[in-house]
Amino acid sequence: MQIYDVAENGLRGLNATLQAQGKETNQTNWVVQNPKGSHAIAVGLDAPIDVTVKGSTGYYCAGMNQQAIVRVEGSVGPGVAENMLSGTVIVEGDASQYAGATGHGGLLVIKGNASSRCGISMKGIDIVVHGNIGHMSAFMAQAGNLVVCGDAGDALGDSLYEACLFVRGSVKSLGSDCIEKEMRPEHLELLKDLLERAGSDAKPEEFRRYGSARQLYNFDIDNAAAY
Amino acid sequence: MKDTDTTIPQTRPIQSATFTNEINSEIRRAAATGIYDIRGGGAKRRVPHFDDLLFLGASVSRYPLEGYRERCSTSVTLGTRFAKKPIELDIPVTIAGMSFGALSGPAKEALGRGASMAGTSTTTGDGGMTPEERGHSSKLVYQYLPSRYGMNPNDLRKADAIEIVVGQGAKPGGGGMLLGQKISDRVAEMRTLPKGIDQRSACRHPDWTGPDDLEIKILELREITGWQVPIYVKVGATRPYYDTALAVKAGADVVVMDGMQGGTAATQDVFIEHVGIPTLACIRPAVQALQDLGVHREVQLVISGGIRTGADVAKALALGADAVAIGTAALIALGDNDPKWEAEYQKLGSTTGAYDDWHEGQDPAGITTQDPELAARLDPVEAGRRLRNYLKVMTLEAQTIARACGHNHLHNLEPEDLCALTMEAAAMAKVPLAGTDWYPGKAGF
């Protein structure tokens, strides 16, 4: 196991070291000590390595991740795993705004709560939140799955495209063009897999599915009041 | 002789200056369709511009350089503040961001070819980087937009610079638009969107708000790219002094300021014509901000929006810009709005020079389209050569003026080389009204 102390050796050295790991690296397990809320911890990784961050982080932890597993033993600031392409990011605590924003792939697991705009503009990422999520989550979400084991705030899925939203608890309100949809067997199967991979013992049958009504995909004067 | 003409004189019909035929036709169009007018391009209204400035050539008090013999350098380096690899350009004219999607594949290729032959950079747009574009552009700036369509770290690392787009001169405060006609299979796949939808991009970045967040976003992008490449911040001109100062504070290497004449692929006409300020009005405040912060020439300023000639280039540089960017002019050089397509423009209800329905994807010139048959009309090699020629001519024109003013580098042009033809231009450019030593707002008059 490799240990990197951010307080001692700095952020640039951390990211340069982790980004330098190739597909064939034998240094696959890393522990990052003393993050102390630093921004841009473990960003731009692109190797099958396992990175454990011992503490809370600032903005954009694991941003644009590919292949790597990043575990945060604390809470994360805004934009965790933003624009992730692949790999897995697991947050033991809570996440601030924009968790998983614009993510194209991979799995983001938040074991606490996520703040507003969770999954904003997501493009294929899977996000599982064990707790609640804040308002305007999945705003303009294009693809991927957002699973919420707790409650969702106001305006869930506003201006949604083709992303699928699953919520176990209450939804304070749905955003424009977001509607509840039938939960079919393939959705239960998908949900089961995501919950298992995210370490949640919630039952797929307890969830409701939400998606786009597809009424705002093209300009129509009769929809002007929706904005 | 008796006057037998009993006709009562009539008042000639008077057209309203307020309700013009153009305004009335727009009212009728809105009433018929129920939707605002969408179009491409930049502001068409007359605004104070570079034509309202003149150069004061050399005379007794200054002597010129030999016009055809003495060297007048044109190179510029962008990104010297923090980037390990700043961009070195042979000429201070770059190609502004235009997306594959808004433009056809051959048009993007032609832009890359022309820019590369002229020794300058081209820029991606909303929708990501295509291999063709990267392959044909020796220096490529990768735009980082609110939509993040096609954004990925692999392309980010292939870029020679990153341009964080906060806004655009045609629509400061607004997001991009690409209507269903242009969301082809390839465009849809690149943007992760359903085919044929009317794509309306976000106007705000999804994971940051305000200059303090921007500073952290720039840090993240630098960490992902190893601090190698310059990071530009592009803003639509509205509050140029403060926007420039805040971009510098956030850590930008380069500030790109886009005036209201700057084009867009598509947005509401009301947005293009009524939001933002003219290019001429934004240069001096932006330069002032850089000077007040002690970073003029360390943080480079790129000006865009209605740049057409070498004279425009020279004037922008004289007012303190380090380089300019062109979009609409580059498309015209490729073949946009060419008279040879007049019959087809007429069929589309337009005419040469006025065609701006770029969002409809029916461009006869094959530039602003995703229709394979139309796109095939543009030969990217020939169009690239035309762009190269045009860029060379602009540079020669700017050199001609600089030499006449006694300068051996375009960057040695200065406000003192200029005067203004109108009060408005004098006030905006802060150069004297021609024949005087005064401009509006100048103290001590």
Query raised in the report: Helix-derived [θ] at 222 nm for chain B: sum -39500 (n - 2.57) over DSSP H runs of at least 4, divide by residue count, nearest 500?
Result: -10000 deg cm²/dmol
Query raised in the report: Restricting to chain A, what percent of DSSP beta bridges are antiparallel, rounded to 5?
Result: 15 percent
Report summary line: Of A:18-26, B:395-403, B:233-241, B:210-218, ordering from highest average Cβ density within 10 Å down gives B:233-241, B:395-403, B:210-218, A:18-26
Query raised in the report: Mind listing which trypsin sites (Lys or Arg not before Pro) in the range B:1-77 are in a DSSP loop and have 14 or fewer other Cβ atoms within 10 Å?
Result: B:Lys2, B:Lys44, B:Arg45, B:Arg46, B:Arg62, B:Arg69, B:Arg71
**Report entry** Most positive-pole-ward Cα, A:Gly150, A:Tyr98, A:Phe166, against dipole of the range A:94-215 from beta carbon charges
**Finding:** A:Tyr98
Requested in this report: Find the relative contact order for the range A:94-215 and round it to a whole percent, using C-alpha pairs within less than 8 Å whose residues are 6+ positions apart.
Outcome: 19 percent
Query - Contact order normalised by residue count of chain A, Cα under 8 Å, 6+ apart, percent - result: 10 percent
**Report entry** Relative contact order for chain B, counting Cα pairs under 8 Å that sit 6 or more residues apart, in percent
**Finding:** 23 percent
Query raised in the report: Running Debye on the range B:16-76 with equal point scatterers at the Cα sites and no solvent, what base-10 log of I(q)/I(0) appears at q = 0.20 Å⁻¹?
Result: -1.04
Query raised in the report: What FRET efficiency would be calculated for the residue pair A:Gln2, B:Gln228, taking the C-beta separation as r and a Förster radius of 25 Å, to the nearest 0.05?
Result: 0.55
**Report entry** Farthest toward positive dipole pole in the protein assembly as shown [+1 Lys/Arg, -1 Asp/Glu at C-beta], among B:Gly57, B:Tyr232, B:Gly305
**Finding:** B:Gly57
**Report entry** Under 13 Å, Cβ to Cβ, from B:Val47 - net charge with Lys/Arg +1 and Asp/Glu -1
**Finding:** -1
Query raised in the report: In debye, nearest 20: dipole of the range B:38-427 around its Cα centre with unit charges on the Cβ of K, R (+) and D, E (-)?
Result: 400 debye
Query - Rounded to 5, the percent of DSSP beta bridges in chain B classed as antiparallel - result: 30 percent
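No lab work stands behind these numbers, since they all come straight from the coordinates. What you are looking at is a predicted structure, and each value in this text was computed from that prediction instead of being measured. Note that we place each Cβ from the backbone using ideal geometry, even for glycine, and neighbour counts take in every protein chain shown.
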